[in-house]
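J.: Let me give you the structure first, and then I'll get to my questions.
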Amino acid sequence: MKKQKKNDVRKLLKLAREPSRISKKLHPFYRGKIEVIPKCRVKNLDDFSIWYSPGVAAVCIDIYKNPDLVYEYTNKWNSVAVVSDGTRVLGLGDIGPEAGMPVMEGKALLYKYLGGVDAYPICLGTKDERELIQTVKVLQPSFGGVNLEDIEQPKCFPVLNTLRNECRIPVWHDDQQGTALVTLAGFINALKVVGKKINKIKITMVGAGAANVCISRLLILYGANPANIIMTDVIGTLHKERVDLKSCPEKWLLAVDTNASNVCGGIKEAMENADAVIALAAPGPGIIKKEWIQKMAKNPIVFTCANPTPEIWPWEAKEAGAAIVATGRSDFENQVNNSLGFPGVFRGVLDVRAFTITDTMCIAAATELASCIADNKIRPDKILPTMDDWEIVPKVAAAIGLRAIKEKVANRKLSYDKIYDEAKTIIKRSRSITETMMKKGYIKSAKDKI
């Protein structure tokens, strides 16, 4: 029996490592994942007199007289900059802007295929907070929005806060707001499965980085009792005596407002009698131990979302008694992944021309995402839709777009149905273009390379 179990674990580990093996084969084959192609007709070279000089000058003058026309005459309305300094790439740490490029390109691919959004990877050769902020600000004329990505903390907090306050276009940090949105959506449905109320439960949060700080904020805004939240970092639990946290206002606020029982210690102590654990810490396995899950409350919820490897393997968490297990990986059930959120978020904010993304807009998107699975269809192994359920994207777009209009942070006033229909049309076109290029052989098959 033990031998069979070891063989099963070996098979699972082999499957878990397979995406990395294939990835190393396909990236050099395609030499990148995105490219720029025309969206206007070019019947012959004479058309360039319309699209470029001299005809384009008339368009430039119109925009000079009315700058808002840039959204009508150019692709700014559908363009997002994916900006990173490469200091916090996945779970790999500060590996630099060049090494971060495959991730930013992948992000751009997801934006286009899932949301119909034209996204451009921009990896910056600076780690300076002020330079990063200034660079994003001067990029504003070219883009309809900015997605900050893989920026180390605590720098990521003031960068986002400053840009949200000072930019004319929506800026969001996907490692904060995106992760928080999708985690909240999954958590809403997980609570339905175990029959618990968010305002009554004890929540342990392993890791006090950008993701969990923002997740905790959304959980509290949604109804969680901050007194019943215990967060840990590399030193231990956050509590009022942790004066070392004063240098990071976001963490210090959590240290003051959460952990009313003043639990001290580490992850083990924080998890005792907890109803749920949300972990976004260092890649595992081994960060969370089976015996700690066994000490949790009845029917515990375990979200272990570190990438590329969760803090504990899902099968180990289940063996320890977890009622629901979620990770950040697509090869395990219950993937809590930002790709379920950001394509719809930016589709919506671009289409209503929002100039910011508020926390309440994120909650509107999260509740819409959670509702994409009917209550009678939610199961322990199905708390969130998957990327295959592509119609979740226009639904999230419509929900966040409508909320932006209600909060008066949008420059286009559209109905839910109008936002949904426009988004659906744009997304179907984007997916069809990719499928057509594959059928025609313009995107080559790589079967023999795997």
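J.: As I understand it, the value is the acute angle between the Cα axis of helix 2-30 and the longest principal axis of the Cα atoms of the chain; what does it come to in degrees, rounded to 10?
T.: For helix 2-30, the angle is close to 20 degrees.
J.: Debye calculation, C-alpha points only, no solvent: report log10 I(q)/I(0) for the stretch 90-164 at q = 0.17, 0.18, 0.21 Å⁻¹, in the same order as the q values.
T.: Results for the stretch 90-164 at q = 0.17, 0.18, 0.21 Å⁻¹ read -0.70, -0.79, -1.06.
J.: For n ≥ 4 DSSP H runs only, could you compute -39500 (n - 2.57) per run for the chain, divide by its residues and tell me the 222 nm figure to the nearest 500?
T.: Numbers: 17 runs with 205 residues, N = 450.
That calculation yields -14000 deg cm²/dmol at 222 nm.
J.: Which whole-Hz couplings ³J(HN,Hα) result when phi for each residue of the stretch 187-193 is put into the Karplus expression 6.51 cos²θ - 1.76 cosθ + 1.60, θ = phi - 60°, listed in order with x for Gly and Pro?
T.: Each residue's phi maps through the Karplus curve to give 5, 4, 6, 4, 5, 5, 5 Hz.
J.: Working out 0.36 nm times the residue gap between residue 389 and residue 58, then minus their Cα-Cα distance, what length gain in nm do you get to one decimal? Numbers along the way, then the final one.
T.: Values: separation 331, 0.36 × 331 = 119.16 nm, distance 4.34 nm.
Gain on stretching residue 389 to residue 58: 114.8 nm.
J.: Does anyone have the angle between helix 156-166 and the longest principal axis of the chain? Alpha-carbon axes, 0 to 90°, nearest 10?
T.: 40 degrees
J.: Report the antiparallel proportion of the DSSP beta bridges in the chain as a percent, rounded to a multiple of 5.
T.: Bridges in the chain are about 10 percent antiparallel.
J.: So what is the orientation-averaged projected area of the stretch 59-98, using the convex hull of its C-alpha atoms, in nm²?
T.: Numbers: hull surface 16.7 nm².
Average of the hull's projected areas for the stretch 59-98 equals 4.2 nm².
J.: If you don't mind, another one. Only one of the values (1) 0.96; (2) 0.98; (3) 1.00 was calculated from this structure for Rg/Rh (Cα atoms, Kirkwood Rh); name its label.
T.: Read-out from the structure maps to (2).
J.: Now for a different question. Please report the antiparallel percentage of DSSP beta bridges with both residues in the stretch 28-175, rounded to the nearest 5. Could the numbers behind the result be given before it?
T.: Details: 1 of 14 bridges.
So the antiparallel bridges in the stretch 28-175 amount to around 5 percent.
J.: Please give the contour-minus-distance gain from residue 428 to residue 130: 0.36 nm per residue of separation, less the Cα-Cα distance, rounded to one decimal in nm. Write down the numbers at each step before the final one.
T.: Details: separation 298, 0.36 × 298 = 107.28 nm, distance 3.94 nm.
Between residue 428 and residue 130, full extension yields 103.3 nm more.
J.: Using the 10 angstrom Cβ neighbour count as an exposure proxy, how do 73, 222, 64 rank, fewest first? Mind dumping the intermediate values first?
T.: Numbers: 73 14, 222 17, 64 10.
Fewest to most other Cβ atoms nearby, the residues stand as 64, 73, 222.
J.: Ranked by Cβ crowding within 10 angstrom, fewest neighbours first, how are 216, 79 ordered? Kindly include the intermediate steps, with their values, before the conclusion.
T.: Numbers: 216 25, 79 19.
With the sparsest Cβ surroundings first, the list reads 79, 216.
J.: What share of all Cα pairs of the stretch 28-175, in percent, falls into each consecutive 5 Å distance bin?
T.: 2, 9, 16, 19, 17, 14, 10, 7, 4, 2, 0
J.: Summing +1 for each Lys or Arg and -1 for each Asp or Glu, what net charge is found among the other residues whose Cβ lies under 14 Å from the Cβ of residue 373? Walk me through the intermediate numbers first.
T.: Values: positive: 192, 377, 379, 382, 395; negative: 333, 368, 375, 381, 388, 389, 391.
Residues near residue 373 contribute -2 overall.
J.: Of the peptides 47-56, 352-361, 389-398, 97-106, how do they stack up when ordered by the mean number of other Cβ atoms within 10 Å, highest first?
T.: 389-398, 352-361, 97-106, 47-56
J.: Pick out which of 288, 63, 169 has the largest mean-square fluctuation in a Gaussian network model of the chain, springs linking Cα atoms closer than 10 Å.
T.: 63
J.: So what is the diffusion coefficient of the stretch 365-424 in µm² per second by Stokes-Einstein at 20 °C and 1.002 mPa s, using a Kirkwood Rh over Cα pairs? Please list the in-between numbers first.
T.: Numbers: Rh = 12.3 Å.
Translational D for this selection: 174 µm²/s.
Every number in this text was worked out from the coordinates using simple rules, so none of it is lab data. A quick note: this is a predicted structure, and the numbers were derived from the prediction, not measured. Methodologically, a virtual Cβ is constructed for each residue, glycine included, from the backbone with ideal geometry; neighbour enumeration extends over all protein chains shown.
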